Amino acid sequence: MDLNKDVKYVKGVGPNRVQLLNRLGIFTLKDLITYYPRTYQDRSKPQFISECVNGDEALIEGIACGKVSDVRLKGKTMQKLIVRDETGSCTITWFNQSYLKNKFDIGKKYKFFGKITNSYGKITMTSPVFDEGEKSFNTGKIIPLYPLTYQLSQNVLRRIVEAGLAEVENQLKETLPEYLLEEYKLDGINESTKKIHFPKELKDFEKARKRLVFEELLSTQLALLELKNNYQNDENGIAFDKNVKMSDVINKLPFQLTKAQLRVLEEIDNNMEAKTPMNRLLQGDVGSGKTVIAMCSAYKAVKCGYQATIMAPTAILATQHLENFQNILRELDIKCELLVSGISKKKKEQLLERLANGDIDILIGTHAIIEENVVFKNLGLVVTDEQHRFGVKQRTKIAEKGKNPDVLVMTATPIPRTLALILYGDLDISIIDELPPNRKKIETFAVNKKMTERVNGFIEQQIKQGRQAYIVCPLVEENEEMDLKSVEELYEIYQKRIFPQYRVEYIHGKMRPKQKDEIMEKFKLGEIDILISTTVIEVGVDVPNSNIMVIENAERFGLAQLHQLRGRVGRGDYQSYCILKYEGKGETVKERMKVMCSTNDGFIISEKDLELRGSGDFFGTMQHGLPEFKIANLFEDMPILKMVQGIVMKILQDDPKLEKEKNVLLRDLVKDKFLKRIEI
């Protein structure tokens with residue numbers, strides 16, 4: 001049995017369906033059997049027809065009282081079948097399913113599962129799934145429901161998963177040691193894999209899920225803590241000079257640092273002066289002043305005879321950092337340069353030569369810094385900004401350009417501390433938990449479609465006062481499945497119909513980097529009044545004159561992302577506004593809009609986001625450089641997470657390198673998790 005075999009060779013897949021499965025991230029047999037259901041439907045307990053409740057989904061067993069009849073309606077046909085049990089009768093209806101006419105025999109027993117309508121004692125069921133007699137493919141059991149892609153039905157995917165499970169039946173190698181299975185009363189891997197997909201009872205599912213969540217969280221924690229122990233036991237780091245003071249930079253700043261910034265700088269200073277390499281995560285809300293921290297740290301590295309590098313996710317952000325650094329550090333005789341992919345070949349060659357000679361003290365740039373031909377003379381400090389945009393591999397790659405340099409990872413995505421331990425368990429954590437005193441609260445309003453004219457009037461009023469506006473929408477181009485305005489369509493509407501008198505432009509992720517940078521530069525210089533954009537501006541440039549943001553279809557974004565977007569305004573002296581236009585009347589939508597309007601605190605927002613959406617959506621696809629959690633939900637599974645963190649501490653105290661015989665399986669599990677993680 002080969003778990004890595006291509007999924008197209010699994011029974012029922014073939015060349016047509018393999019592309020649909022690939023779209024779901026299923027490429028191998030292993031991907032298939034670990035593609036877990038999102039929920040379940042209990043179709044195991046039949047009800048008497050007379051007991052069926054209006055609006056409920058129910059399983060009934062009944063005898064066909066006649067043949068299926070065809071009823072012609074406007075442009076379509078309806079198929080009707082009457083079935084009966086000892087308590088009453090039910091009319092079953094389907095639409096445009098003519099093939100069902102010969103499917104049912106009078107007097108035979110069938111099982112049906114579907115939604116009940118009980119109107120004045122007349123019971124009907126529309127478009128149910130069914131089985132004949134004792135068969136139980138669609139009914140009579142607990143049915144898994146999977147996340148799907150267009151053109152792939154639950155039935156088809158369920159059959160394919162069944163075929164995959166049949167191939168591996170009782171052949172999966174156990175991944176957890178016997179002592180853990182016994183002590184924490186966990187099922188074996190074969191039993192758990194089978195029952196997570198097809199539990200006979202809900203308690204089977206609960207046991208299977210507990211085992212799989214336990215393994216997922218345990219392997220992640222072990223991998224991260226092993227990494228951290230490697231750093232901490234490494235005495236070959238750089239011990240920077242205690243006599244070089246960060247206060248030299250602090251005294252040059254045109255503003256005062258907050259208590260939180262000073263506390264974080266002290267933590268970093270102590271780290272840099274120690275022999276072990278620094279590996280620190282700096283979390284700070286949008287606008288909390290992380291760049292200054294990077295600047296002070298880089299200053300210390302340079303004045304101790306080393307070079308520093310700052311890696312940002314976009315060229316425009318890198319350019320912004322360069323301007324900020326040069327404004328302050330030029331007077332302190334520190335040479336800063338910019339390396340982005342757009343610079344000319346000749347300029348790049350000269351820059352790389354100066355870098356290798358040590359003539360450049362601080363190199364600021366994008367992914368271009370990772371390239372092999374970028375060689376430092378003596379790299380002592382690596383800072384990555386907006387870490388969630390870079391995988392761990394990139395972080396490791398850039399650190400390898402020096403001899404154990406100190407590493408500072410910065411992010412404006414506030415993550416609750418317990419979760420930060422999961423995502424960045426290999427790093428020490430610093431948090432800037434206060435904003436500079438001059439930052440005004442961004443006024444946030446949630447409105448529905450009816451308010452569109454008032455919102456447009458408000459935008460016009462702000463532009464007349466000389467301000468600029470962002471309009472953000474979720475999609476780049478029309479998608480037939482979703483009725484959402486795309487960037488290009490919105491641009492047409494705003495430019496031609498609503499604001500023909502103003503300068504409107506649009507920007508999205510599919511544009512070339514150079515094109516995006518040019519548009520953002522024009523916006524920054526005030527040559528654009530209204531910028532229509534996707535979330536490409538989430539990690540962006542400061543435009544102090546832009547004080548209004550309208551987010552279309554705000555219900556489509558996570559709270560953490562809405563908060564990030566909102567942070568693009570409020571960068572100047574003007575009162576700023578964020579208007580969330582949303583559709584839908586669901587309680588969750590209202591609750592999320594309420595959270596956004598009531599607080600500007602990123603940590604409160606991220607806690608709530610996690611609670612309302614679960615960890616899968618919260619983290620997005622592999623954005624943190626960790627393998628995506630396939631089954632654990634970090635909000636629901638917090639008790640297991642806390643238990644696992646304790647277990648991992650105990651295991652590593654007893655066996656730091658997982659060398660003992662009893663931990664061989666754990667070592668393999670960590671290797672598997674760790675190697676994948678590095679490749680992201």
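Conditions (1) of a type in the set (D, E, K, R); (2) more than 22 Å from Gln41 (Cβ to Cβ); (3) modelled with pLDDT of 95 or more, marked per residue:
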residue	(1), (2), (3)
Ala64	no, yes, no
Gly75	no, yes, no
Gln79	no, yes, no
Glu86	yes, yes, no
Gln97	no, no, no
Leu100	no, no, no
Gly107	no, yes, no
Phe113	no, no, no
Residue that is nearest to Ala632 (Cα to Cα), among those in region 17-52 that are of a type in the set (Val, Ile, Thr) and in a helix (DSSP H, G or I)
Ile33
Hits in region 222-238 (condition: at pLDDT 85 or above and farther than 24 Å from Val292 by Cβ):
Leu222
With criteria (1) surrounded by 15 or more Cβ atoms within 10 Å (Cβ to Cβ); (2) over 39 Å from the mean Cα position of the chain (by Cα), Leu152 comes up short on (2)
Looking for something without any contact (Cβ under 8 Å) to a residue 40 or more places away in the chain, touching a Ser or Thr at 6+ places or on another chain (Cβ under 8 Å) and within 24 Å of Asn663 (Cβ to Cβ) - is there at least one such residue anywhere in region 175-184?
no
Among the residues of region 22-30, is any within 13 Å of Gly164 (Cβ to Cβ) and touching a Gly at 6+ places or on another chain (Cβ under 8 Å)?
yes
Of the listed residues (Val589, Val541, Val550, Val595), the one being part of a loop (DSSP other than H, G, I, E, B) and either β-branched (Val, Ile, Thr) or surrounded by fewer than 17 Cβ atoms within 10 Å (Cβ to Cβ) (or both) is Val541
Checking the structure you have, find out if any residue of region 160-171 is in the same structural domain as Lys5 (by TED's automatic domain parsing), among the aliphatic types (A, V, I, L, M), crowded, with 18+ Cβ neighbours inside 10 Å and touching a His at 6+ places or on another chain (Cβ under 6 Å).
yes
Among the residues that make up region 477-489, is at least one of them modelled with pLDDT of 90 or more, buried (at least 20 other Cβ atoms within 10 Å of the Cβ) and closer than 28 Å to Asn600 by Cβ?
no
Working only within region 58-97, note down all residues that are in a strand (DSSP E or B), under 46 Å from the mean Cα position of the chain (by Cα) and of a type in the set (Gly, Ala, Ser).
Ala58
Kindly indicate whether Gln47 is within 27 Å of Lys101 (Cα to Cα) and free of Cβ contacts under 8 Å to residues at least 24 places away in the same chain.
yes
Of (1) at pLDDT 85 or above; (2) in contact with a Lys or Arg (Cβ under 6 Å, 6 or more places away or on another chain), Ile678 satisfies every one except (1)
With respect to Leu73, is the statement that it is out of contact with any Lys or Arg (no Cβ under 8 Å at 6 or more places or on another chain) and outside the structural domain of Val161 (by TED's automatic domain parsing) true?
yes
All positions within region 320-346 that are without any contact (Cβ under 8 Å) to a residue 40 or more places away in the chain and of a type in the set (Val, Ile, Thr)
Ile334, Val340, Ile343
If we take region 390-469, then strands (runs of 3 or more DSSP E) inside it with 1 or more residues that are modelled with pLDDT under 85 and surrounded by fewer than 17 Cβ atoms within 10 Å (Cβ to Cβ) are 428-432
Residue pairs within 6 Å by beta carbon, gap of at least six or interchain, first lying in region 540-562 and under 19 Å from Gly509 (Cα atoms) and in the same structural domain as Glu587 (by TED's automatic domain parsing), second assigned to a loop (DSSP other than H, G, I, E, B) and of a type in the set (Val, Ile, Thr), listed first then second, are Met549/Val569
Can you pull out the residues in region 116-149 that are within 22 Å of Cys52 (Cβ to Cβ) and within 36 Å of the chain's Cα centre (by Cα)?
Ser127, Pro128, Val129, Asn138, Thr139, Lys141, Ile142, Ile143, Leu145
Would you pick out the residues in region 159-204 that are in contact with a strand residue (DSSP E or B) (Cβ under 9 Å, 6 or more places away or on another chain), within 30 Å of Val648 (Cβ to Cβ) and of a type in the set (D, E, K, R)?
Asp204
Quickly run through region 273-302 and pick out the residues that are under 26 Å from the mean Cα position of the chain (by Cα) and outside any helix (DSSP H, G or I).
Asn279, Arg280, Leu281, Leu282, Gln283, Gly284, Asp285, Val286, Gly287, Ser288, Gly289
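The values are calculated or read from the model by the stated rules, or taken from the named source; none is laboratory data. Since the structure is predicted, the reported quantities are computational estimates derived from the model, not experimental observations. Cβ coordinates were reconstructed from backbone atoms using ideal geometry, including for glycine residues, and neighbour counts include every protein chain displayed.
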